Every structure is written in structure tokens, then in C-alpha cells.
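Only the coordinates and a few stated rules stand behind these numbers; no lab work does. Being a predicted model, the structure only gives us computed values, none of them experimental. When we count neighbours, we look across all protein chains shown, and the Cβ atoms used for this are built from the backbone with ideal geometry, even at glycine.
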Amino acid sequence: MFPHVRTSGSAHERGRQYGAMAAAQVRRSIKAYANLFEHYARWDWESVSREAQRFIAPIEEFGPQYLEEMRGIAAGASVELLDIVAINVRTEVMYAAKARSAAAVLPHLECTSFAAVPDDGRPVLIGQNWDWKTHASDTTVVLQCAPDDGPRFVTVVEAGLLAKTGLNEHGLGVATNALASDRDTGDAGVPYHVLLRALLAAESAPAALATLQRPIRSSSAHYLLAHRDGLALSVEALPGSFNQLYTAAPDDDGMLLHTNHLIHPRIPGVDVGLWLMPDSPFRLQRARQFLRQHDPHDASTYEQLLADHVGHPSGVCCHPVADAIPAQQDATIFSIVMDLEALSVRLTDGPPCAGPFRSLDSESFLSGRENPA
């Protein structure tokens, strides 16, 4: 099982607890990204740290508490602050100006996400496969957090990063997909993973959208938002401000599906993600096909979909390409299905085809019935 980390208190104290409890995994994350940055960008860690330094001011202006969480993680894991900032801006570093010279071998990020909003009283569902470098199987943790300045939340995330997919006590769920456009030049702004953490502090779907509208964002990404009240929204974001957000509501069947290419018909520029991840439109096609054949508002449907191998090895359930070098080995690291009414989380510790979904103890934690310590 992925390690479980529980934190509470102030931003710095939560970070310190997180860093201390996941110190080994945090250090593995730093080592793994040092190797990846060297492979993709030809940067040593000193160069990466200089690049990370540029993001400190935008993060602090957007939310000083998030930088304070990073300081706490660094203290708890006995590493440098810039080490933690660097892995939290790893998406942006990959697309910084110098790194773009290695664009032909940039990582093939592959994620398939969904949200289902029924009209028959059944609960809102949201989830995804998270596909990334195989080292992440050794660095992923389940973070259960009880802040003293915001809602409780649960997120499944690489150790040292602030957040990824998850939900909070208000029934707001967040899933996500990496995107890439020709606008991704590594300009300093609020990073992708800081925004994912900020979304988990929102009390409602409109508040979550306002969170994405507020800052200058540094990179492209897809944010899938859903709330137990029956609201959901797909947000494709390019680098920039509020006028570079492109939204879509659920279809007539209450469904939102997304993979790793741009879908909105009016998005400007070049969809680099479609070039980097040519399997993306086929995974989206397969997900739509699968849901036409199964009940799209039953949680078990998504447990089956996320294990689907059509298009293997680059199917919805992703497996490494046998002859790829280690730095280019991708796989489904975890699958997650969240019921926003029950505040329940079903998770696989690895690819869904290899092991059963297990239920996290999220309901009692998020509802406050369980002590966070």
C-alpha cells in the first residue's frame, strides 16, 4: 500500500509533519527528478534550483501559506527549500525555455479522467488514472490533511508535492490531466501543483473556478472539478490569466471525460500535447465507447474502465513500453474513484489491472469524526 500521511495544524507544522513522515519518499522524489531533469533538459540540480527560485515570488503572492507548507516539508525531510520548490514546479521546469530544446523526448504523460453527474439522485462521481514515470510507484503517498485555516482534504500525491487528485470535506472533488501547448515556455507564474492544492481549499465549485481565475498560471493543464451538489466543470487552462481558461459543462448524459489533448474548439495555438501523446484521442474514444456499453453513473463501471487495455500498452490502463529506457517508462501509478456524497475514496496501489480497489478511511476523517493525529 502507498504510505498514509496525516497532518494537522498550521501550514508550516503540516508541512513539517508531512516531510518527517514521508522523508524517505521525499528524498526519492528529489533524486528521481534530478535524473529526469538531467535526461530531458540536460540540467544539473544547481540549474534546476535556479529555475525553481523564479517561482517563489509568484507562489508567495498567490498564497504565502503554500510556500510555508513547502518550507515545513523541507524542514521535516531535512532537505533544502529549493529542493521542494523544484519538484513542485517539475511540470514548469520541463517546459522552460532551455528544456524545450529537448522537446522531442519530453515525457509522455497519460491520464484519463472522468466526472459523472446523474439526474436520478445518485451521487456525483469523479476520478482518474494517474499515469507517470514508474519511479512514482515508490514515491506516492496518501495525504490526509486537517488544516487550521481551511477544509480537511485527502489527496493522492507524489511525496513532497502539495497535492494532486483528491476531495475535501465540502464534497468538492478534483481530477486533472497534463496538457501542453506552444504557450508553455516556462515563464514564472503560479505552478500547476500549487493550484491543485489551492483547489482543495475551495468550499464550492464556483469558488474553485475563481481560484483558477485569480493568478497568472505558469503552465497548461486540465482541471476537472465536481461538487456533491451536482455541479461539475471541465477547465482547460493555458498559461496566463482568467482569459486563458476554456470551460465545458457535462453532456446530456451528465458526463465529462478528458485525456491529454485540448478539446475546446476555440483554444488558440498549437496542441503540443497531441503530438507528445498521440494515444490521447484514442483513450478518449475508448472511454466514450465503454460508457455507452455500461452504466455511466455506477462507480463499478469506472473501476472496470480504468483497468481497460484496449490500445495496449498505451490504453486507459497504461503499461511501460518494453524497449524504452528507464527515464521514458510510463505506467498507471494509481486509479481513483471518488463518491462526493459519501466522501468515499476507492484507490488502487498500482495499475488497476493488477490489484483490487481498496476503500480509504476518508469518510470519518473528512467529516471530522476522526482525530487527524
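Listed values, structure above:
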{"item": "Rounded if a/c under 1.5, otherwise prolate or oblate - the range 142-294, Cα gyration tensor axes", "result": "oblate"}
{"item": "Sites S359 and A210 - FRET efficiency at Förster radius 22 Å, r taken between beta-carbons, to 0.05", "result": "0.10"}
{"item": "DSSP bridge pairs, the range 1-154: antiparallel proportion in percent, nearest 5", "result": "60"}
{"item": "Most mobile of D295, D131, D349 in a GNM of the chain (Cα contacts under 10 Å)", "result": "D295"}
{"item": "Computed lengthening from R122 to H264, 0.36 nm per intervening residue step minus Cα-Cα distance", "result": "48.3 nm"}
{"item": "Farthest positive-ward along the chain dipole, Cα basis, beta-carbon charges - from G368, S204, P3", "result": "P3"}
{"item": "Additional length obtainable on full extension of the chain from D148 to A248, 0.36 nm per residue less Cα span", "result": "32.7 nm"}
{"item": "Inter-label distance for S47 and D298, nm, one decimal - labels placed 7 Å from Cα along Cα-to-Cβ", "result": "5.3"}
{"item": "Cα-centre dipole for the chain with unit charges at Cβ (Lys and Arg positive, Asp and Glu negative), debye to 20", "result": "620"}
{"item": "Leading residue at positive end of dipole, the range 105-366 (Cβ point charges), from T176, H258, G189", "result": "G189"}
